[in-house]
1. Please tell me the relative contact order of the chain in percent, rounded to the nearest whole number, where contacts are Cα pairs under 8 Å and at least six residues apart.
2. Measure off 7 Å from each Cα along the Cα-to-Cβ vector at A227 and N32, then give the distance between these two points in nanometres to one decimal.
3. Please identify which residues in the range 267-304 have an amide N closer than 15 Å to a label point set 7 Å out from the Cα of D48, following the Cα→Cβ vector.
4. How far is the Cα center of the range 30-61 from the Cα center of the range 214-249, in Å?
5. What do you get for Rg/Rh of the chain when both radii come from the Cα atoms and Rh is the Kirkwood radius?
6. Per DSSP H run of n ≥ 4, the term is -39500 (n - 2.57); total these for the chain, divide by its residue number, and report the mean residue ellipticity at 222 nm rounded to 500 deg cm²/dmol.
7. Let me make sure I get this right: for the range 271-421, a, b and c are the square roots of the gyration tensor eigenvalues over alpha carbons, sorted descending. Under 1.5 in a/c it's rounded, otherwise prolate if a/b > b/c, else oblate. Which is it?
8. Can you tell me the 0 to 90 degree angle between the C-alpha axis of helix 345-354 and the longest principal axis of the chain, rounded to 10?
Amino acid sequence: MYTDKNIADFIKKDPILKDIIALKPVIWENPNRKSMADMPKFLINKEDMVAAEALWDRFAPFFMEAFPETQKTQGILESPLKEIPKMKELLNEQAPKIDGRLFLKCDNKLPISGSIKARGGFYEVLHHAEKLALQAGILKNSDYRAFASPEFKQFFSQYKIGVGSTGNLGLSIGIISAKLGFEVTVYVSADAKPWKKDLLREKGVKVVEFSGDFSEAILAGRQQTEADPMAYFVDDENSNDLFLGYSVGALRIAKQLEEANILVDAQHPLFAYSPCGVGGSPGGTAFGLKQIYGDHVHCFFVEPTHSPAVLTGLITGENSKISVKDLGIDNKTEADGLAVGRPSNFATSMSSHIISGVYTIADQELFALLAKLMDTENEFLEPSATAGLIGPQLVLKTDYALKNKLNMADATHIVWATGGDLVPEKQRLEFYERGLSEVVM
Ligand SMILES: *Cc1c(COP(=O)(O)O)cnc(C)c1O
C-alpha cells in the first residue's frame with residue numbers, strides 16, 4: 001500500500017500526476033524512451049516474433065477446417081489496413097491539422113472473435129495445445145488439420161484452461177479453447193458487458209462472475225486454475241506468449257504498408273496509436289513495430305481518464321506494483337476493454353523504453369469518435385477501440401515532432417482499431433446514438 005507521503009512524492013517527481021488523479025485528459029511524453037542504439041536487451045527478440053508468425057502458418061490448415069470463414073484467406077487471420085480520408089477531413093475541421101496519411105488498422109474485423117485479442121489470445125492457446133499434442137505424440141506427419149478432429153477434441157477434453165477477462169480476452173480464449181475441446185472457464189469482472197457473457201455461455205464456456213474489478217477476477221482465476229494440475233491459466237497480467245502473439249500484428253502491417261508502397265524511413269515517419277488496457281496488446285504491437293522500423297516509428301498508448309493503469313505505472317516507476325485505485329482513481333469506464341487498474345508486469349517493463357508517450361481520453365469523447373467514424377467511413381468500432389483517433393492531433397499539440405525533427409508532411413498515422421465486430425446490433429445502435437448526443441454537446 002502507498003501512504004499519502006508516497007503519493008505526494010510521486011506528484012513532486014512528475015506534477016502531471018495531479019491532473020491524472022483529477023481525471024483530466026493529459027498528454028504525457030515518456031522521458032525514458034530509448035533510441036534503438038541504447039535499447040536494453042529484452043527477454044524476447046525479432047526471431048521470437050518470426051517464430052510466432054510461423055506457428056500461425058502451421059495452424060492455418062486447422063483454421064480452414066474448424067472455421068470455414070477463414071478459407072478465403074487460406075486459414076490466415078488478418079485484418080485490413082484501411083485509409084480513412086473522410087475521417088481525416090472531419091478531424092481537420094479543427095486545428096491542428098493532420099499532415100500525411102491516416103489509416104485505420106481494422107482489428108475490429110479480425111476473423112472469429114472481432115478484436116485484437118484474437119492475436120494474443122489465440123496464439124497462447126494454440127501454443128499450449130501444440131505443446132500438449134507434441135508431448136503426447138499424437139500429432140502425425142505435421143498434419144495440423146487433426147486439431148479439428150474428434151480424436152484431438154477427446155484428447156484435449158481432459159485439460160482445462162482458465163482466464164480472467166473484462167470480456168474480449170475471454171471471448172477469444174473461450175471460442176478457440178472450446179473449439180479445440182478444452183474445458184474452459186472465464187473469470188469475468190463486474191464491468192464485463194452482459195452480451196459478452198451470454199455469447200461466451202452460448203459457445204460452451206463456463207463463466208464465473210466477480211463483483212470486483214479486473215485484477216480481482218484475474219487473482220481468483222489464477223488461484224483456482226493453478227490448484228488443478230490439468231489446468232493452464234492465461235495470465236493477462238504477466239504473459240509473454242500473449243505479447244508475442246500481438247507482436248505478429250507488426251509483421252503483418254509491415255507487409256501491408258509495403259504492398260501499399262508506403263515508405264517508412266528518416267524522411268517518412270510512422271506513428272501508431274493504440275488503446276491500452278493492461279498494456280499487452282499495445283505493448284506487443286509497439287515492440288514489433290520497433291523491431292521492424294526502429295527509430296522511425298513512434299508509438300503512443302491511449303487510456304481512459306478513469307483507468308490510466310499503464311500511465312500511472314510508468315510515471316511512478318512502480319509498474320504493476322501500483323493500481324489506479326491506490327491513487328483514488330475509480331477505474332470506472334464504459335470502455336470495457338480498457339477497464340484495467342493494474343498494468344501487465346511483463347509488457348510495461350518493456351514499453352517503458354519503447355513508447356513515445358501516453359494520452360488519456362474521456363468516455364464522452366470515445367462515443368463521439370464512434371459516431372464520427374460511422375458517419376464518415378461507415379466503420380463500427382466498440383467504444384474502447386476508438387481511442388486512437390485523436391492521437392495525431394494530440395501529438396501535434398505538443399513539440400514532439402519539432403524536437404525530434406520529424407517530417408510530418410510525409411508521415412503515416414496508424415490508428416489501431418482494436419474491436420467491435422461481435423457487438424450485437426442493438427448495442428451498436430445505443431452506442432451510436434450516445435455518440436451523436438456527445439457530438440452536439
Ligand atoms: C483488450 C483490449 C484492448 C487493450 O489491450 P491490453 O492488452 O489489455 O492493453 C484494447 N481494445 C480492446 C477492444 C480490447 O479488447
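Computed from the coordinates by the stated procedures, all read-outs in this text should not be read as laboratory data. In this text, all values refer to a predicted model and were calculated from it rather than measured experimentally. Every residue, glycine among them, receives a Cβ derived from its backbone with ideal geometry; neighbour counts consider all protein chains shown.
1. 21 percent.
2. If labels sit at A227 and N32, their model points lie 3.6 nm apart.
3. Taking a point 7 Å out along Cα→Cβ of D48, the residues of the range 267-304 whose backbone N falls under 15 Å are 280-281, 283-292.
4. If we compute the Cα centre of each part, the gap is 20 Å.
5. Looking at the chain, the ratio lands at 0.95.
6. Calculated at 222 nm, the ellipticity per residue is -14000 deg cm²/dmol.
7. Oblate, since a/c reaches 1.5 and b/c is not below a/b.
8. 40
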